[in-house]
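Undergrad: One structure follows; several queries about it will come next.
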Amino acid sequence: MVSQYFFLTLLIFYSNTNFYVAGKNWVGDYKWTSQCSQNECCCFVNQLKIAELKDNPKKLSIVTTRNGANCLTTKYENIIDIPEKSFMDPTKPRTLIWIINQNSTTIAAVDYQFTNCNSEAIRITNSATKNNIYIRYFIIMTNFIVLIKWFYVQE
């Protein structure tokens, strides 16, 4: 019986921790930092805002501005399914890929056709910080309750 509670504690901790760590957190505000050649490219500039859609939490809204050569518009807006690590840009399929780094702090817009048009953005705010704290609190409290029950059964 005691081993069942210990096993349950490990299972709960492992599953909750993996849930928290596994997913990439695209949501937040970023600042474009790279030196995309505006003389040759339509470059992402200023801020990048990525938000979860309120009516469909499985989709993300991407809003930023562009400047430079061959820009048809200065505003860039897109709605995509939430990706894990990367996605192909629907406006430039096969050439522009968005990639988020391991700890979700940097996003790169990589243009495989024109490498001098690559852009990089650094996270400046994190919209999901409050949710992450609640998830950590839930993990700690769940494990605490299971451990108390486990010690109670041993007596």
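Undergrad: For the residue pair residue 149 and residue 101, what label-to-label distance in nm results when each label sits 7 Å from Cα along the Cα-to-beta-carbon direction?
TA: Between residue 149 and residue 101, the simple spin-label model gives 4.1 nm.
Undergrad: Expected output is a single nm value to one decimal: the length gained when fully extending between residue 59 and residue 92, i.e. 0.36 nm times separation in residues minus the C-alpha distance. What is it?
TA: 10.0 nm
Undergrad: Longer than 19 Å from Cα to Cα, which of 31/75; 54/75; 54/92; 59/85; 31/54 are they? Say none if no pair is. Could you put the intermediate results ahead of the total?
TA: Numbers: 31/75 15 Å; 54/75 21 Å; 54/92 26 Å; 59/85 15 Å; 31/54 23 Å.
Too far apart for the 19 Å limit: 54/75; 54/92; 31/54.
Undergrad: At 7 Å along Cα-to-Cβ for each site, give me the label-to-label distance between residue 75 and residue 114 in nm.
TA: It is 2.3 nm.
Bear in mind these aren't lab numbers, they're just calculated from the coordinates by the rules spelled out. The shown structure was predicted, so the numbers you read here are calculated from the model rather than taken from an experiment. In this analysis, Cβ positions are derived from the backbone assuming ideal geometry, glycine residues included, and neighbour counts consider all displayed protein chains.
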